[in-house]
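Everything below concerns the one structure shown next.
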Amino acid sequence: MSPYEDLIIEHWRNPRNKGTLPDPDVDVTEANVPCGDVLRLQLKVRDGAVEDVRFDGRGCAISMASASLFTEMIKGKKLEELRVMREEELLEALGGVIKPRLKCALLPYRTLQKALASLGPRARKGESETARS
Amino acid sequence: MRNVRSDFPILGREINGRPLIYLDSAATSQKPRQVVEAVARFYREANANVHRGLYVLSVEATELYEGARKKVAAFIGASPEEVIFTRGTTESLNALAYSLGEARVGPGDEILVTAMEHHANLVPWQLLARRKGARLLAVGITPEGELDLGDLEDKLSDRTRVVAVTHVSNVLGTVNPIPEISRMTHEAGAVVVVDAAQSVPHMRVDVQELGCDFLAFSGHKMLGPTGVGVLWGRRELLEGIPPFLTGGEMIREVWIDRATWNDIPYKFEAGTPPIAQAVGLGAAVDYLVELGMEEVRRHEEELVGKALEGLLSRDYVEIYGPKDPARRGGVVAFNLRGIHPHDVATLLDQEGIAIRAGHHCAQPLHRLLGVPASCRVSVYVYNTVDEIEAFLDALDRVWESLGR
Ligand SMILES: Cc1ncc(COP(=O)(O)O)c(C=O)c1O
């Protein structure tokens with residue numbers, strides 16, 4: 001396993017959904033303090049799903065490429081799906097990540113958890129009452 | 001310098017299918033067979049506790065341990081009773097900050113550190129200042145990454161009790177002018193504590209020439225084992241400060257309600273010391289003496305010169321610290337424009353090249369440099385010009401894949 005699959009380099013060079021939304025429903029920032037990586041994630045939510053998403057931040061290629069790829073993965077998804085999403089799904093999509101860099105790769109995942117938590121446990125913006133059942 | 005590579009078995013390793021190029025000796029050095037063998041031989045043939053036994057084996061172990069102390073003392077121009085074995089630089093500095101603080105620092109006093117200190121020579125003084133109601137001040141650095149002696153002059157006063165300064169910065173590589181700092185500090189009536197973790201392994205260090213009062217360094221950064229380090233102090237100062245740890249050989253007489261202390265250096269060596277490690281450190285000192293510290297320094301200057309030249313010629317690289325190898329120790333810290341140091345280290349590791357990336361336990365310095373982290377290469381006796389060139393070539397490949 002090479003630590004930098006072409007996919008990572010491609011997303012690092014051409015990040016998707018990078019920037020900010022004019023009127024986000026969620027706007028959270030998360031950091032990997034020891035390495036100085038910072039990630040801001042914004043979501044526009046409609047009918048219980050992610051209608052639009054943007055990320056911004058600075059950090060290593062793995063965390064930033066992972067963020068770019070992750071925005072593609074979560075865009076259009078229902079919040080209830082995101083709430084049960086496992087971190088392995090992101091790692092697999094990245095093509096595997098070497099152990100010392102797991103924290104970098106999972107920064108977007110942790111940021112999304114924070115975003116979901118800030119939306120409340122359930123039932124916001126039309127999310128169904130039975131979201132987690 | 002003679003080719004020493006065959007003395008270091010680990011250099012025969014392959015990493016990710018490539019021959020290991022080890023450029024992280026500032027973190028810890030590799031060990032020659034002579035040191036590994038000295039430790040193994042101690043355990044095989046002479047292992048016993050020291051200073052206690054009346055039997056042959058204990059006498060032999062004690063002689064080996066004390067022999068190591070004499071070697072270390074001669075290596076830094078000190079007398080053996082001024083050489084205290086500790087677990088390493090960090091322990092030496094923590095112990096000293098405690099003991100010195102108890103004896104010499106009170107409310108309203110001032111302690112000076114510098115903006116380029118390793119956390120090990122910063123945080124113990126922070127705690128001391130807080131404990132005693134003293135003030136901690138940091139001497140600044142110039143844009144070239146050298147200590148601002150004018151600022152030191154300004155900050156020294158009759159309230160100054162301690163100046164704690166690194167001999168060689170583990171990030172900038174800067175060699176600080178300790179003799180001058182000692183003169184200035186003594187004029188103000190304070191004592192000088194030198195963190196020599198990055199100097200003693202790499203250049204001739206003589207405590208009399210430095211003129212300092214205390215000096216700390218680690219065995220594992222100078223070809224020796226982990227778990228042993230040194231605190232050197234002037235005899236009259238060591239005699240005037242209390243011990244840090246108590247129990248074991250450091251005691252002379254004990255009653256239920258009180259105790260008296262042994263002579264130096266034993267007063268500061270509580271409990272069973274790192275005996276085999278000290279013996280290993282003695283072997284490391286023998287090895288360095290045989291190579292000659294002037295030769296070691298010359299060899300590193302050549303390697304650092306090559307690294308600096310190569311890095312300076314790449315416009316995507318930013319270097320921290322002095323640009324002249326003669327003003328530097330064996331480390332060079334740098335960044336690739338827009339690329340996180342962790343990416344650089346991971347990609348180089350793919351090619352078997354081990355470098356450091358992070359804040360190198362010097363967060364205040366990195367804050368001053370305006371970067372969260374940096375890459376660092378550091379060299380030692382076993383590195384070669386070819387390795388530096390291989391590192392520079394690999395850096396171009398990192399830039400090709402991640403530069404933008
Ligand atoms: C300048 C400096 N001081 C102190 C230390 C701490 O040394 P040790 O971890 O051996 O206690 C180091 C090495 O990490 C260093 O480079």
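I'm told B:P80 meets every condition in (1) in contact (Cβ under 8 Å) with a residue 40 or more places away in the chain; (2) farther than 19 Å from B:F268 by Cβ; (3) outside the structural domain of B:I355 (by TED's automatic domain parsing) except one. Can you identify the failing condition by its number?
(2)
Can you say whether B:L392 is within 16 Å of the ligand (Cβ to nearest atom) and either out of contact with any Leu (no Cβ under 6 Å at 6 or more places or on another chain) or at pLDDT below 95 (or both), as far as the supplied structure shows? Talk me through it step by step, then tell me what you get.
Values: within 16 Å of the ligand (Cβ to nearest atom): no; either out of contact with any Leu (no Cβ under 6 Å at 6 or more places or on another chain) or at pLDDT below 95 (or both): yes.
No, not satisfied.
Does B:T166 count as touching a residue at least 24 places away in the same chain (Cβ under 8 Å) and more than 18 Å from B:D324 (Cβ to Cβ)? Break it down stepwise before answering.
Details: touching a residue at least 24 places away in the same chain (Cβ under 8 Å): yes; more than 18 Å from B:D324 (Cβ to Cβ): yes.
Criteria met by B:T166.
Can you tell me which residue within the range B:181-235, out of those that are in a loop (DSSP other than H, G, I, E, B) and away from the ligand (no atom under 16 Å from the Cβ), is farthest from the other protein chains (Cβ to nearest Cβ)? Lay out the reasoning, then the answer.
Our first condition is that a residue be in a loop (DSSP other than H, G, I, E, B); within the range B:181-235, this holds for B:188-190, B:196-206, B:211-213, B:219-228, B:234.
Then drop every residue that is not away from the ligand (no atom under 16 Å from the Cβ), which leaves B:188-190, B:204, B:206, B:211, B:213, B:234.
Values: B:A188: 37, B:G189: 40, B:A190: 35, B:R204: 36, B:D206: 38, B:G211: 38, B:D213: 35, B:R234: 38 Å.
Among those residues, the one meeting the criterion is B:G189.
Among B:L147, B:L172, which is the only one that is touching a residue at least 60 places away in the same chain (Cβ under 8 Å) and either surrounded by 15 or more Cβ atoms within 10 Å (Cβ to Cβ) or of a type in the set (G, A, S) (or both)? So that I can check it myself, show each step before the final result.
Numbers: B:L147 fails: touching a residue at least 60 places away in the same chain (Cβ under 8 Å).
After ruling out the rest, the residue left standing is B:L172.
Please count how many residues of the range B:81-124 are within 16 Å of the ligand (Cβ to nearest atom) and in a helix (DSSP H, G or I). Write out each step before concluding.
Filtering the range B:81-124 down to residues within 16 Å of the ligand (Cβ to nearest atom) leaves B:84-98, B:113-124.
Restricting the remaining residues to those that are in a helix (DSSP H, G or I) gives B:89-98, B:119-121, B:123-124.
Total satisfying the criteria: 15.
If you check B:V230, B:V192, B:V200, B:V207, which single one turns out to be more than 19 Å from B:L128 (Cβ to Cβ), over 14 Å from the mean Cα position of the chain (by Cα) and surrounded by 15 or more Cβ atoms within 10 Å (Cβ to Cβ)? Walk me through it before giving the result.
On the way: B:V230 fails: over 14 Å from the mean Cα position of the chain (by Cα); B:V192 fails: more than 19 Å from B:L128 (Cβ to Cβ); B:V200 fails: over 14 Å from the mean Cα position of the chain (by Cα).
Of B:V230, B:V192, B:V200, B:V207, the one residue that is more than 19 Å from B:L128 (Cβ to Cβ), over 14 Å from the mean Cα position of the chain (by Cα) and surrounded by 15 or more Cβ atoms within 10 Å (Cβ to Cβ) is B:V207.
How about the range A:1-92: which helices (runs of 4 or more DSSP H) wholly inside it have at least 3 residues that are more than 14 Å from every other protein chain (Cβ to nearest Cβ)? First the steps, then the outcome.
On the way: elements: A:6-13, A:61-74, A:79-83.
Those helices (runs of 4 or more DSSP H) span A:61-74, A:79-83.
Looking only at the range B:333-356, filter to residues that are more than 20 Å from B:G145 (Cα to Cα) and away from chain A (no Cβ under 12 Å); which one of those is surrounded by the most Cβ atoms within 10 Å (Cβ to Cβ)?
Here the residue is B:I353.
Kindly establish whether B:G88 is in contact with a His (Cβ under 8 Å, 6 or more places away or on another chain), in contact (Cβ under 8 Å) with a residue 40 or more places away in the chain and assigned by TED's automatic domain parsing to the domain that holds B:T226. It would help to see each step written out before you state the result.
Working: in contact with a His (Cβ under 8 Å, 6 or more places away or on another chain): yes; in contact (Cβ under 8 Å) with a residue 40 or more places away in the chain: yes; assigned by TED's automatic domain parsing to the domain that holds B:T226: yes.
Yes: the conditions hold for B:G88.
For the range B:253-298, give me each residue that is of a type in the set (D, E, K, R), assigned to a helix (DSSP H, G or I) and in contact with a strand residue (DSSP E or B) (Cβ under 8 Å, 6 or more places away or on another chain).
We begin by selecting, within the range B:253-298, every residue of a type in the set (D, E, K, R); these are B:253, B:257-258, B:263, B:267, B:269, B:286, B:290, B:294-295, B:297-298.
Then keep just the ones that are assigned to a helix (DSSP H, G or I); that gives B:267, B:286, B:290, B:294-295, B:297-298.
The answer is B:K267, and nothing else.
Given the criterion of a type in the set (K, R), more than 14 Å from chain A (Cβ to nearest Cβ) and over 23 Å from B:L122 (Cβ atoms), identify the matching residue among B:R404, B:R328, B:R397, B:R297.
Numbers: B:R404 fails: more than 14 Å from chain A (Cβ to nearest Cβ); B:R328 fails: over 23 Å from B:L122 (Cβ atoms); B:R397 fails: more than 14 Å from chain A (Cβ to nearest Cβ).
Going through B:R404, B:R328, B:R397, B:R297 in turn, the sole match is B:R297.
When the range B:11-42 is examined, which residues are found to be within 26 Å of B:K71 (Cβ to Cβ) and in contact with an Asp or Glu (Cβ under 7 Å, 6 or more places away or on another chain)?
B:P32, B:R33, B:Q34
So in the range B:357-384, with the set limited to residues that are within 14 Å of another protein chain (Cβ to nearest Cβ) and within 16 Å of the chain's Cα centre (by Cα), which one is surrounded by the fewest Cβ atoms within 10 Å (Cβ to Cβ)?
B:C361
Residues in the range A:93-105 that are more than 15 Å from A:L82 (Cβ to Cβ), in contact with a helix residue (DSSP H, G or I) (Cβ under 9 Å, 6 or more places away or on another chain) and away from chain B (no Cβ under 13 Å): how many? Even if it seems obvious, please write down each step before you answer.
Filtering the range A:93-105 down to residues more than 15 Å from A:L82 (Cβ to Cβ) leaves A:94-105.
Going one step further and asking which of them are in contact with a helix residue (DSSP H, G or I) (Cβ under 9 Å, 6 or more places away or on another chain), we end up with A:94-95, A:97-98, A:100-105.
Add one more test, that the residue is away from chain B (no Cβ under 13 Å), and what stays is A:94-95.
Of the residues in the range A:93-105, 2 are more than 15 Å from A:L82 (Cβ to Cβ), in contact with a helix residue (DSSP H, G or I) (Cβ under 9 Å, 6 or more places away or on another chain) and away from chain B (no Cβ under 13 Å).
Please give the number of the condition B:E66 fails out of (1) under 22 Å from B:K221 (Cα atoms); (2) touching a residue at least 24 places away in the same chain (Cβ under 8 Å).
Of (1) under 22 Å from B:K221 (Cα atoms); (2) touching a residue at least 24 places away in the same chain (Cβ under 8 Å), only one is false for B:E66: (2).
The values are calculated or read from the model by the stated rules, or taken from the named source; none is laboratory data. Everything numeric in this text was worked out from a predicted model, so none of it was measured. FYI the Cβ positions are ideal-geometry reconstructions off the backbone, even for glycines, and counts take in every protein chain you see.
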